[in-house]
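Quick note: the coordinates plus some simple rules give every number you see, no bench work behind them. This is a predicted model, so every value here is computed, not measured. Cβ sites come from the backbone with ideal geometry, for glycine too, and all protein chains shown count toward neighbours.
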Amino acid sequence: MEIEARANPMDKYLRADRIPHIWCSGCGLGIVLNAFLHAIEELNIDLDKLAVVSGIGCTGRIAGYINTDSYHTTHGRAIPFATGLKLANPEMKVVVISGDGDLFAIGGNHFIHAARRNIDITVIGVNNYNYGMTGGQLGPTTPLGARTTTSPYGNIEHPFNLCHVAHAAGAVYVARWTVLHAIRLKNSIKEALNKRGFSFIEVIAACPTTYGRRNKMPDALDEMRFYREHSVIKHGIDPSQANIEIGKEIVVGKFVDIEKPTFNEAVEELKKKVKKK
Amino acid sequence: MKKEIRFWNGSIAVSEGAIVAGCRFFAGYPITPASDIAEYMALRLPQEDGIFIQMEDEIASIAALLGASWGGAKVMTSTSGPGFSLMQENVGLAAVTETPLVIAEVQRAGPSTGMPTLVGQGDVMQSRWGSHGDYETIVISPSSPQESFDLVIRAFNLAELYRVPVIFLMDECIAHMSERVVIPPKEEIEVVERIKPNVSPEKYMPFQPVNDIAPMATAGMGYRVHVTGLTHNEKGYPMTTSPEVQEWMVRHICDKIRKNEHKIRDIEEYRMEDAEIAIVAFGIVGRSAKAAVKMARRHRIKAGLIRLKTIWPFPESYFESMADSIKKFIVAEINYGQIKLEVERAVHGKASVELLPKFGGAVHQPMEIYQKIKEVKNGN
C-alpha cells in the first residue's frame, strides 16, 4: 500500500527525493542533521551560498541529503576539498560534516592543518566511537576498553580527545554536545556558522547497531539515558580536562571561542601587498 | 600586442603557461624535482589575484584542487612520482566527478624514492592506470620549455573541454633546462572557458552530457548540485546497486575521451615521409631521437621520428595505419618498456616493435639510438 507522506516544513532544506535516508533506526545522525537544518533556517542562510562537504562513512552521507551544493568526497579528504572550495569561492559558507574515523583517523592530518591555518570553515564531527558503515570497527575515538569488531577483547588504544586536538591545533571555536542536547547543539552550530575561522563542534552520537549493542547499550534510548545521566555542561573548561572515558561523565559545552585572522584574510592582505608591477 | 621572448626553464614556462590559461589556484607539496613549479607559483599567483597554498601532503593538494575547481577556479598542482602515487585516489574522484584539473608531474627515476634528482619516464602507465577502476585521463608530454608553455595551455583547455583530469607529464631535465621561449601575442592564444549550464536549476541535470560533455554548475551558481564519488546517475545521485547506471557512467567517462582521441591527438613527425624505420619517443628522448634520425639520414638509412606530444589517450589507429608502411618501430623511453607495449598492441602484428630502454638517471645519447637503428636496419 502506498502511503502519501505529508510535507514537512523542513523539506525545503532536503533533497526530498533522496529520502528515506540510509541510517539505522536509533542512529544519532538524524538529530545532527535536524539541528543543522534548523540552525540554517534560524540564521536565514541562503542555500545557494552554502556548500556542505562530507567524507566517507555514515556521516559522510549527510551531504547528499541537504538541498544545497553538496560534495561527497573521498575518505578523509573532506577538509582539504572544503579548503580549496572556500579559497576559490570565498562567498560560500562551507561546512564539513563527517564522522570521527573520517576526520580524525584517515583525515586527521588535514584536520590539524586546516585548524592551524584557520581556514574559514565549520567542521561538525560526529563521534559515535566506531566505524559504523563498515560494521563497527575500532576508531580513533573508541574509549579504552570498549568492544568493537576489531577490538573483540576490549580496546587497548588511547583515544583522541577531539576537542583537545582541535584546541591544540588552533581552532577558534570548539564545542562538544551529545545528540541529547539537540537545542544546545543547534545554537552552537549557529555560533560556529557565524564565526570567522576554523570552528569545530564534536557531537557525541548514538550508534546502537554497531557500537551500542557490543557495549551494553543495545537500544538508542540506553545511550540517550546515559547522556542525560552523565553529561555535565562546563563552558570554558580547558579541553584537555574533557577526556572521554567509558562509564565516566561526558563534559560538554563551549570550550573555546577566540578571534584570529583567517587564511582567506591573510591571502587578501598578501595580494594587496604584492600588486603586480 | 607583440610576441615576447623569454629565457625560461620548463618549470617557469609551465607556470606562466598555466597563468595565461587562466589558472588562479595552485595547491601543492614540495617534492624534488617539481618544487620549482610550486615556488614559482607562490611568487606569481598573488600578483595575478590568484591563490597559492602549500598543503600538508599531496593527498590534500589534489583534494584542494577538486574543491577549488568546484569552487569555479582553474586549478593546477605539481608533483613527482611518489607524490603522484599519493594523489591517485583523488585522480579517480576527479575522473568520476568530471572535475577539470591539471597535474604537472615532473617525473624522476623510480620506483619508490628512486633517484629524486635525475630523469626517468616510468610514470607513463601510472598516469593512465594509477587509480582504481575504469576511467580515462589525458596525458601530455612536452619536450622543451617552449612546449611546456604552449602545451600546458592546451592541457587546461582540454581539461575544461572534456571535464577530465589532465596530467602534464614532464621530464626532470625539461623542468630544469633553460631555453628560449616565445610567447605569442595574447590574442593568438586560445583559452577555453568552462561550459556552464544555460537551463534553469529545475531542468539542470549535472551529469547529463550535452554533445559528450555535461555543462558544469560550480558552487554558488544556484544549481545546488550533489557531487559524489559513488556511482551516480545524470542527476548526480548515488546509484550504488544498479549495474545499468554503473555501465552508463563508466562508458560515459571513458567514451568521451576515447571517441575524441583523434581530436586530442598531437604527434610530431620528423622525416617520416619516406621512412622505413620509425623511432617512437616522447619528452626529452624525442630530442635525442631527432639527432639520431639525422645521423641515420647522413648514412642513407631511411629513419624517421614519431614524437608523442599526447600520450593518452593512446593514438592506436594512428599506429595501426602507420604500420601499413613502416615495418620496424623502435621505442626509446626512459623506463623498462611502457609505451613499447602500447605500440606493439596498436600495430596488431603488422610490424616489429623493439624497445630501447634506459632505466632512469640518464637520457639516451643520440649515438645509442643511432646504433639501434643500424642494428634494426641490418636485421640483428
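Per q in 0.05, 0.06, 0.08 1/Å, what log10 I(q)/I(0) does a Debye calculation on the alpha-carbon atoms of the protein assembly as shown return?
-0.26, -0.37, -0.64
Put +1 on the Cβ of each Lys and Arg and -1 on the Cβ of each Asp and Glu in the stretch A:178-275; which of A:205, A:227, A:263 then has its Cα farthest toward the positive end of the dipole?
Final value for the positive-end residue is A:263.
Averaged across the residues of A:61-74, what count of C-beta atoms belonging to other chains lies within 10 Å of each residue's C-beta?
The mean count of partner-chain Cβ atoms within 10 Å per residue comes to 6.
Calculate the tail of P(r) for the stretch B:30-99: the fraction of all Cα-Cα distances greater than 18 Å, expressed in %.
Roughly 37 percent, once rounded to a whole number.
Projecting each Cα onto the charge dipole of the stretch B:269-377 (Lys/Arg +1, Asp/Glu -1 at the beta carbon, about the Cα centre), which of B:292, B:349, B:325 comes out farthest on the positive side?
Result: B:292, furthest along the dipole toward the positive end.
Evaluate the charge dipole of the stretch A:27-273 about its Cα centre and quote only its size in Debye, nearest 20, assuming +1 on the Cβ of each Lys and Arg and -1 on the Cβ of each Asp and Glu.
220 debye
Could you give me the radius of gyration and the Dmax of chain B, taking only the C-alpha atoms into account and expressing both in angstrom?
20.9, 69
Enumerate by residue number the GluC sites (Glu not before Pro) in the stretch B:159-224 meeting two conditions: DSSP loop (anything except H, G, I, E, B), and at most 13 other Cβ atoms within 10 Å of the site's Cβ.
B:190, B:193, B:202
Between the helical axis of A:29-43 and the dominant principal axis of chain A, each derived from Cα atoms, what acute angle in degrees is found, rounded to the nearest 10?
30 degrees
Which loop-located chymotrypsin sites (Phe, Trp or Tyr not before Pro) does the stretch B:230-336 contain, where loop means any DSSP state but H, G, I, E or B and the Cβ has at most 15 other Cβ atoms within 10 Å?
Of the chymotrypsin sites (Phe, Trp or Tyr not before Pro), the ones in loops of the stretch B:230-336 whose Cβ has at most 15 other Cβ atoms within 10 Å are B:336.
In Å, what is the Rg of the alpha-carbon atoms in the stretch B:81-155, and how long is Dmax?
12.9, 35
What's the long-distance tail for the stretch B:192-274, i.e. % of Cα pairs beyond 16 Å? Each step should come with its number before you reach the end.
Details: 2100 of 3403 pairs.
When every Cα pair of the stretch B:192-274 is considered, 62 percent fall beyond 16 Å.
Throw me the Rg/Rh for the stretch A:196-238, computed over C-alpha atoms with Kirkwood Rh, two decimals. Numbers along the way, then the final one.
Numbers: Rg = 13.7 Å, Rh = 12.2 Å.
A ratio of 1.12.
Which one, A:181, A:53, B:22, is farthest towards the positive end of the dipole of the protein assembly as shown when Lys and Arg carry +1 and Asp and Glu -1 on their Cβ?
Of the candidates, B:22 comes out farthest on the positive side.
Can you sort A:24, A:163 by how many other beta carbons sit within 10 Å, fewest first?
If I rank by nearby Cβ atoms, fewest first, I get A:24, A:163.
If I histogram all Cα-Cα distances within the stretch B:269-377 using bins 5 Å wide from 0, what percent of pairs lands in each bin?
Histogram of Cα-Cα distances, whole percents per bin: 2, 14, 26, 28, 20, 8, 1, 0.
Give the Cα extents of the stretch B:148-241 along the principal axes, in whole Å, largest first.
52, 33, 25
List the relative contact order of the stretch B:269-377 as a percent without decimals, with contacts defined as Cα pairs under 8 Å and 6+ residues apart.
Result for the stretch B:269-377 is 32 percent.
Partner chain Cβ atoms within 10 Å, averaged over the residues of B:70-78 - can you pull that number for me?
Numbers: counts 11, 14, 5, 5, 1, 2, 0, 0, 0.
Mean shielding by partner chains, rounded to a whole number: 4.
Among DSSP beta bridges lying fully in the stretch B:4-188, give the percent that are antiparallel, nearest 5.
Working: 7 of 28 bridges.
Just about 25 percent of them are antiparallel.
Equivalent ellipsoid semi-axes for chain A, as square roots of 5 times the alpha carbon gyration tensor eigenvalues: give them largest first, rounded to whole Å.
29, 23, 17
Seen from all sides and averaged, what is the projected area of the convex hull of the Cα atoms in the stretch A:171-260, in nm²?
That works out to 5.9 nm².
Helix A:78-88 against the longest principal axis of chain A: what's the angle in degrees, Cα atoms only, rounded to the nearest 10?
Long axis of A:78-88 versus the principal axis of chain A: about 20 degrees.
Taking only Cα atoms, what is the 0 to 90° angle, nearest 10, from helix A:108-117's long axis to the longest principal axis of chain A?
40 degrees
FRET efficiency for residue B:190 and residue A:241, Cβ-Cβ distance as r, R0 = 60 Å, nearest 0.05?
Numbers: r = 61 Å, r/R0 = 1.02.
So, using R0 = 60 Å, E works out to roughly 0.45.
Three principal axis extents, largest first, for the C-alpha atoms of the stretch B:59-197, in Å?
Result for the stretch B:59-197: principal-axis Cα extents of 46, 40, 23 Å.
If you consider only alpha-carbon coordinates, what radius of gyration and Dmax does the stretch A:56-182 have, in Å?
Calculated on Cα positions, Rg and Dmax stand at 14.8, 49 Å.
Using only DSSP helix segments of four residues or longer, with each worth -39500 (n - 2.57), what per-residue ellipticity at 222 nm results for the protein assembly as shown after dividing by its residue count and rounding to 500?
Calculated at 222 nm, the ellipticity per residue is -10000 deg cm²/dmol.
Could you tell me the relative contact order of chain B? Use alpha-carbon pairs under 8 Å, at least six residues apart, and round to a whole percent.
17 percent
With contacts defined as alpha carbon pairs under 8 Å and 6 or more residues apart, what's the relative contact order of the stretch A:31-149 in percent?
It rounds to 22 percent for the stretch A:31-149.
Ranking A:94, A:232, B:376, A:53 by Cβ neighbours within 10 Å, fewest first, what do you get?
By the 10 Å Cβ count, ascending, the order reads A:232, B:376, A:94, A:53.
Show the residues, 5+ positions off or on another chain, whose built amide H is closer than 5 Å to the amide H of residue B:22.
Those lying under 5 Å, H to H, from residue B:22: there are none.
Based on DSSP, what percent of beta bridges with both residues in the protein assembly as shown are antiparallel, to the nearest 5? Could the numbers behind the result be given before it?
Details: 23 of 90 bridges.
The answer is about 25 percent antiparallel.
About the Cα centre of the protein assembly as shown, what is the dipole size in debye to 20, counting +1 per Lys and Arg Cβ and -1 per Asp and Glu Cβ, all else neutral?
Result for the protein assembly as shown is approximately 1000 debye, rounded to the nearest 20.
How big is the Kirkwood radius of the stretch B:305-344, worked out from every pair of different alpha carbons and given in Å to one decimal?
Across the stretch B:305-344, the inverse of the average 1/r is 10.9 Å.
Using the number of other C-beta atoms within 10 angstrom as an exposure proxy, rank B:254, A:27 with the fewest first.
B:254, A:27
Please give me, ordered by residue number, the GluC sites (Glu not before Pro) of the stretch A:187-260 that lie in loop per DSSP and have at most 13 other Cβ atoms within 10 Å. All intermediate terms of the calculation are to be shown ahead of the outcome.
Values: sites: A:191, A:202, A:223, A:229, A:245, A:249, A:259; in loops: A:245, A:249, A:259.
Taking the stretch A:187-260 and a limit of 13 other Cβ atoms within 10 Å, the loop GluC sites (Glu not before Pro) found are A:245, A:249, A:259.
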